[in-house]
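Chemist: So that we are looking at the same thing, I have put the structure below in structure tokens.
The values are calculated or read from the model by the stated rules, or taken from the named source; none is laboratory data. Being a predicted model, the structure only gives us computed values, none of them experimental. Please note: Cβ atoms are built from the backbone with ideal geometry, for glycine as well, and neighbour counts cover all protein chains shown. Please note that ligands, DNA and RNA were not included when accessible areas were found on the heavy atoms of the full protein model with its side chains. Shrake-Rupley method; radii C 1.70, N 1.55, O 1.52, S 1.80 Å.
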Amino acid sequence: MKAINILEGRQAGIVEIPKPKLRDDYILVKINAVGLNSTDVKHIDWENGGDIGSKPGCDYCGIVEEIGPKVTKPFRIGDRITGFVHGSNRTNKEDGAFSEWAVVKGDIQIKVPDRISNEEAATLGAAISTVGQGLYKSLRLPRPNNPANSPFPVLIYGGSTTVGIYGIQFAKLSGLTVITTASPHNFDFLRSLGADAVFDYRSPTCVEDIKKLAPNLEYAWDTIGDAESCELCAKALDSEWGDYGALQPVAAEVLHAANPNARGPFFTTAFIVCGETYEKYNHVWERSKDEFEFAKMFWDLTCELLAEERLKPTRISVNKHGSGLEGVLAGLEDIRANKVSGQKLIYTL
């Protein structure tokens, strides 16, 4: 089959490789569409990211061709499914979505509701897994199937990222008052998803404006996870108590210099949802059955919300620069150049 691999010189290219072998708790899928994430670029570019010969890609939609004997969910051959794939896996280099066929961990996949297109389904993988971990596993916010009795505020920094777009919707379904940050051209879109207030993160009064709206803010979730975003979130949090979670490992010194009483930083990584030991960024992450079981539950909840039309797929740009794996390579360059905002790049195969 054709696939994108990480090559010498921290490059990505299209290669001919064997179809991946089915493992007992995995599903073999014929890929119809894939979605691009910034993590795909990082695994290609960073020396401690993916190994030479590993296959990037975390988001997909495809058709079930074979089912391993230890998959417990009731999938059938021919089902259209989506979920999370461990792209650029150093432990199993066959894993990754950017290929004509892929193997995916069976029990953290879902059957795609009829109303959702292949392209829309390919937006979900990394974002949904990350939202589950960040808002609910780590910050322990009320879930949409057991929402808050009365609203309280949560700040989602980076609302126009794919993770932010889904995070806003989940937080609103949880009965919360959702505050987010973005560039002004995305304000109306984020309000349409349920954001109660949107602020320009570049504004010199951004922290002041957030504190005026929510003077006792106790939860901030940072979808960017750099020093600037951490500092803004920390200053916006209550000066006596507040939880800060991020998608990147932010230094505790940065957080506590801005707010000595903030709790965190709480860092989450979607790759642990597969329930397997793996190595990434010079660190070995031990197998977590708890994370795996939580992800199974959260993906089932997501499927229900999509089927009930309570959760909307994010905006998409399909086949920008062309379809197929050639289009994927061009789309990765757009992400690398920071040219994507408020939508998800999708490519059909």
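Chemist: Being closer than 18 Å to ARG140 by Cα, touching a helix residue (DSSP H, G or I) at 6+ places or on another chain (Cβ under 6 Å) and open to solvent by less than 20 Å² (accessible area, probe 1.4 Å) is the filter here; which residues of the stretch 219-267 pass it?
Modeler: ALA220, TRP221, ASP222, THR223, TYR244, GLY245, ALA262 - these are the residues of the stretch 219-267 that are closer than 18 Å to ARG140 by Cα, touching a helix residue (DSSP H, G or I) at 6+ places or on another chain (Cβ under 6 Å) and open to solvent by less than 20 Å² (accessible area, probe 1.4 Å).
Chemist: Here are some conditions: (1) open to solvent by less than 30 Å² (accessible area, probe 1.4 Å); (2) not in a strand (DSSP E or B). ASP290 meets all but one. Which one does it not meet?
Modeler: Failing condition for ASP290: (1).
Chemist: Counting just the residues of the stretch 237-278 that are of a type in the set (Asp, Glu) and assigned to a loop (DSSP other than H, G, I, E, B), which one comes out nearest to ALA227 (Cα to Cα)?
Modeler: Narrowing the stretch 237-278 to residues of a type in the set (Asp, Glu): 238, 240, 243, 253, 276.
Now drop any that are not assigned to a loop (DSSP other than H, G, I, E, B), which leaves 238, 240, 276.
Numbers: ASP238: 19, GLU240: 21, GLU276: 30 Å.
So, considering only residues that are of a type in the set (Asp, Glu) and assigned to a loop (DSSP other than H, G, I, E, B), the one nearest to ALA227 (Cα to Cα) is ASP238.
Chemist: If you take the residues in the stretch 268-290 that are over 15 Å from the mean Cα position of the chain (by Cα) and in contact (Cβ under 8 Å) with a residue 24 or more places away in the chain, which one is farthest from ARG143 (Cα to Cα)? Before you say what the answer is, go through the steps one by one.
Modeler: First, pick out the residues of the stretch 268-290 that are over 15 Å from the mean Cα position of the chain (by Cα): 275-290.
Now narrow it down to the ones that are in contact (Cβ under 8 Å) with a residue 24 or more places away in the chain: 275-282.
Working: GLY275: 22, GLU276: 25, THR277: 28, TYR278: 29, GLU279: 30, LYS280: 30, TYR281: 31, ASN282: 33 Å.
Restricting to residues being over 15 Å from the mean Cα position of the chain (by Cα) and in contact (Cβ under 8 Å) with a residue 24 or more places away in the chain, the top hit is ASN282.
Chemist: Among GLY159, GLY134, GLY125, which is open to solvent by less than 10 Å² (accessible area, probe 1.4 Å) and over 30 Å from GLY68 (Cβ atoms)? Before the answer, list the steps.
Modeler: Working: GLY134 fails: over 30 Å from GLY68 (Cβ atoms); GLY125 fails: over 30 Å from GLY68 (Cβ atoms).
Within the list GLY159, GLY134, GLY125, the selection yields GLY159.
Chemist: Another question, if that's okay. In the stretch 305-333, which residue that is touching a residue at least 60 places away in the same chain (Cβ under 8 Å) and acidic (Asp, Glu) is surrounded by the most Cβ atoms within 10 Å (Cβ to Cβ)?
Modeler: As a first pass, look at the stretch 305-333 and keep what is touching a residue at least 60 places away in the same chain (Cβ under 8 Å): 305-307, 309-316, 318, 325-326, 328-329, 331-332.
After this cut, where a residue has to be acidic (Asp, Glu) as well, the list is 309, 326.
Details: GLU309: 10, GLU326: 14.
The qualifying residue surrounded by the most Cβ atoms within 10 Å (Cβ to Cβ) is GLU326.
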